[in-house]
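This report refers to the structure that appears directly beneath it.
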Amino acid sequence: MKEFLIGLVFLTAVLIFAGIGFLLFPLLLVLAVFLRIAIICALVIFAIWVLGKLIVVVWEKINK
């Protein structure tokens, strides 16, 4: 009887975690989209900064 209850508790826990995962799936998709947008924006800002830095370095070398 003890083993039956342990198995039942385990299966119940697995079902609960699966249900939570199923319900969180749309949230994870939305978070992935926002994370992708944030990373792209950060890379664009970094590229603009590197371009400006390169232009300043080249401008200083030309004017010397």
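The values are calculated or read from the model by the stated rules, or taken from the named source; none is laboratory data. None of the values given here were measured: they were computed from a predicted structure. What goes into the accessible areas is simple: the full protein's heavy atoms, side chains included, and nothing from ligands, DNA or RNA. Shrake-Rupley method; radii C 1.70, N 1.55, O 1.52, S 1.80 Å.
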(message) Ignoring everything except DSSP H segments at least 4 long, calculate the 222 nm mean residue ellipticity for the chain; use -39,500 (n - 2.57) per segment, divide by total residues, nearest 500.
(response) -36000 deg cm²/dmol
(request) Determine which lysines satisfy two conditions relative to Lys53: a Cα distance under 25 Å, and not lying fewer than 8 residues away in the same chain. (result) Lys61, Lys64
(request) Counting only heavy atoms of the protein chains, get the accessible area per residue of the chain (1.4 Å probe) and round it to a whole Å² value. (result) 98
(request) Using only Cα atoms, find the angle between the long axis of helix 2-62 and the longest principal axis of the chain, and express it within 0 to 90 degrees, rounded to the nearest 10. (result) 0
(message) Looking at the chain as a GNM with Cα springs under 10 Å, which of Leu29, Leu54, Leu43 has the largest mean-square fluctuation?
(response) Leu54
(message) Considering just Cα atoms, how many Å³ per residue does the convex hull of the chain enclose?
(response) 72
(message) With a 1.4 Å probe and all protein chains kept in place, how do Leu24, Leu15 rank by accessible area, largest first?
(response) Leu15, Leu24
(message) Please report the carbon-and-sulfur percent of the accessible area for the chain; probe 1.4 Å, protein heavy atoms only, DNA, RNA and ligands left out.
(response) 85
